[in-house]
Amino acid sequence: MNDRDSRSLTRRTLMLGGAAFGLASAVTGCSNEGRGGSSGDNDEAARSKVRPAYLRYTGVSPDLAGEEFGIPDAFKRYPAEPVDVINDPPGDGKPISVTTYTNAPIPPKLEQNAFWQELNKQVGSPITISLTPSSEYMQKFATAVAGNKLGDIFTVGNIPQIPQLLEARAVDLTPHLSGDNVKKYPFLANLPAAGWNASIFNGKIYGIPIPRGAISSKVLYSREDILEAEGLKAEVKSADDFLELCKALTDSRRNRFALGKAPTEYVWNMFDIPNRWSEDGGSLTSYLVHEGHEQAFELLNRLWKSGYIHPDAFAGQNFDVKARFGNGSSPLALDTFTAWATYLQVAVDKEARIAITSPPKHDGSGPGRIWLGAPTIANTAISKSAEGRVESLLGYLNFLAAPFGTQEYLFRKFGIEGVDYDLVDGNPILNDKGKSETKLGQEYLADSPWAIFLPKEGSSEAAFNAMKEVCPTAIPDPVAGLYSETNVRKGPQIGEAIDNVIDDIIQGRKPISAWAPAVKKWRSDGGDQIAEELAKALADSH
């Protein structure tokens with residue numbers, strides 16, 4: 001396993017996605033508009049007419065303000081008296097069915113779940129949840145589309161012909177959310193403007209974006225306490241420095257390997273490799289053709305051959321990496337900023353300290369640049385079958401988007417005091433029951449802009465300062481949030497083929513010379529077509 005996780009669909013899922021593709025073409029009311037990329041009605045002029053107004057929530061003042069740096073605000077404490085910002089339950093008393101996914105184990109059923117029961121009371125409608133592990137969601141979504149079994153609210157899966165699918169199956173939310181109309185739902189109005197691009201197709205709003213942005217940027221975590229005990233620092237100034245750090249942290253006799261998985265993206269950051277695409281004069285060039293790959297492969301292959309990467313790195317799961325980081329057997333781990341809280345939770349030593357090892361330029365000529373996370377991670381739609389209840393359902397999504405510092409945020413993130421969490425030094429700390437009960441996948445239906453809040457003393461400041469250091473210069477993806485039909489249809493297959501070659505080269509099963517023909521095949525199998533479609537979408541967005 002490498003750090004990219006770009007294979008969003010398994011082969012089985014791709015087959016199901018193909019079935020959904022065929023279905024979407026035949027659904028009554030589906031037009032063929034937009035199949036080759038973005039529609040002519042999806043340009044910036046069309047989007048600007050419908051894009052919801054932005055109304056920033058100012059009900060709580062951060063301890064550390066991040067807006068200047070393009071990062072989330074940070075809070076050292078949860079407000080002692082969080083305010084109730086939703087006076088009446090948004091539900092209409094009728095059941096609300098949802099289809100979404102989770103990155104956590106499936107929680108207890110309603111009968112054994114006090115949090116879920118209380119959620120139903122606060123919403124004012126019983127919530128019926130079809131919850132699927134994220135790794136299986138594309139398969140589940142395609143099956144639900146084919147069987148016409150989507151919930152009243154559903155997280156949109158990455159299957160072909162999304163614009164046509166939404167036109168046929170989802171409520172056009174433009175009359176409810178465009179411009180100042182969104183202010184009826186103030187916490188949806190609090191979502192960053194850039195995120196709405198992923199929810200607007202053919203000049204209409206078909207969903208609610210789940211915001212992320214800088215917080216989803218990947219960085220190299222380090223166990224500062226372990227490094228300090230070894231007389232080491234988390235700072236490296238060159239590729240050679242990084243190799244020396246990994247060597248010093250590796251001791252196979254103690255079953256310790258510096259890296260839990262191959263730090264591919266981190267190494268790419270050393271060589272100025274673009275964030276997926278680079279744009280020049282209206283043309284897009286894939287990061288795969290960048291000249292720095294050969295040297296990057298040499299470094300990655302050396303890390304593997306030297307035994308600095310855990311021997312199970314390509315066979316394990318993401319949580320294996322977190323567990324190794326937590327128990328100290330792999331004190332370096334590449335992950336997003338969103339994972340900081342999880343790494344604190346899994347640390348066996350509760351005195352563990354986390355730091356970030358920023359990428360240097362490989363030759364020591366200065367700091368490298370990380371890749372900036374995409375503005376959104378998902379899009380949520382409302383089924384046409386529930387169109388008569390759209391205001392109540394939007395009210396429910398508005399409830400889920402209540403921001404940090406409110407009573408509603410405290411409840412949906414931490415549950416019931418004394419049942420799911422306890423107050424420790426004034427801060428809510430999830431207990432074991434809360435870590436299970438609250439994982440209902442609601443954050444993938446709607447969520448507030450991310451807030452940096454890590455109850456462990458000093459952690460919020462550490463995370464904020466780390467983001468402040470690397471995010472202002474992070475490399476953005478110029479086409480983040482834009483749509484290419486070929487990318488949805490063919491991207492997973494050709495991406496998986498490229499990923500397999502990357503893994504083989506790192507592990508020495510293929511020579512570095514195998515890279516150029518693999519990229520050539522990627523381009524001819526659909527990569528060049530994806531570039532053309534995304535370039536058109538980018539031109540339309542200006």
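The values are calculated or read from the model by the stated rules, or taken from the named source; none is laboratory data. Every value quoted in this text rests on a predicted model; they were computed, and no experiment measured them. Note that we place each Cβ from the backbone using ideal geometry, even for glycine, and neighbour counts take in every protein chain shown. Surface areas here come from the heavy atoms of the whole protein model, side chains and all, with no ligands, DNA or RNA. Shrake-Rupley method; radii C 1.70, N 1.55, O 1.52, S 1.80 Å.
Observations
- Single residue of the range 381-414 satisfying the filter (of a type outside the set (F, W, Y) and farther than 27 Å from V156 by Cβ) that is most open to solvent (accessible area, probe 1.4 Å): Q407
- As for the range 394-417, it holds no residue that is of a type outside the set (V, I, T) and under 30 Å from P274 (Cα atoms).
- Test: residue in the range 326-335 that is modelled with pLDDT of 95 or more, over 15 Å from S222 (Cβ atoms) and acidic (D, E): no
- Qualifying residue in the range 248-258 (condition: closer than 30 Å to F69 by Cα, outside any helix (DSSP H, G or I) and in contact (Cβ under 8 Å) with a residue 40 or more places away in the chain): no
- For A539, the conditions (1) part of a loop (DSSP other than H, G, I, E, B); (2) open to solvent by 40 Å² or more (accessible area, probe 1.4 Å) are fulfilled apart from (1).
- When each of G307, G326, G281 is tested for being at positive phi and either basic (K, R) or in contact with a Phe, Trp or Tyr (Cβ under 8 Å, 6 or more places away or on another chain) (or both), the lone residue that passes is G307.
- Annotation: W371 fulfils all but one of (1) among the aromatic types (F, W, Y); (2) modelled with pLDDT under 95; (3) over 20 Å from A104 (Cβ atoms); the unmet one is (2).
- Qualifying residues in the range 93-117 (those that are among the aliphatic types (A, V, I, L, M) and under 14 Å from S134 (Cβ atoms)) - the one surrounded by the most Cβ atoms within 10 Å (Cβ to Cβ): A104
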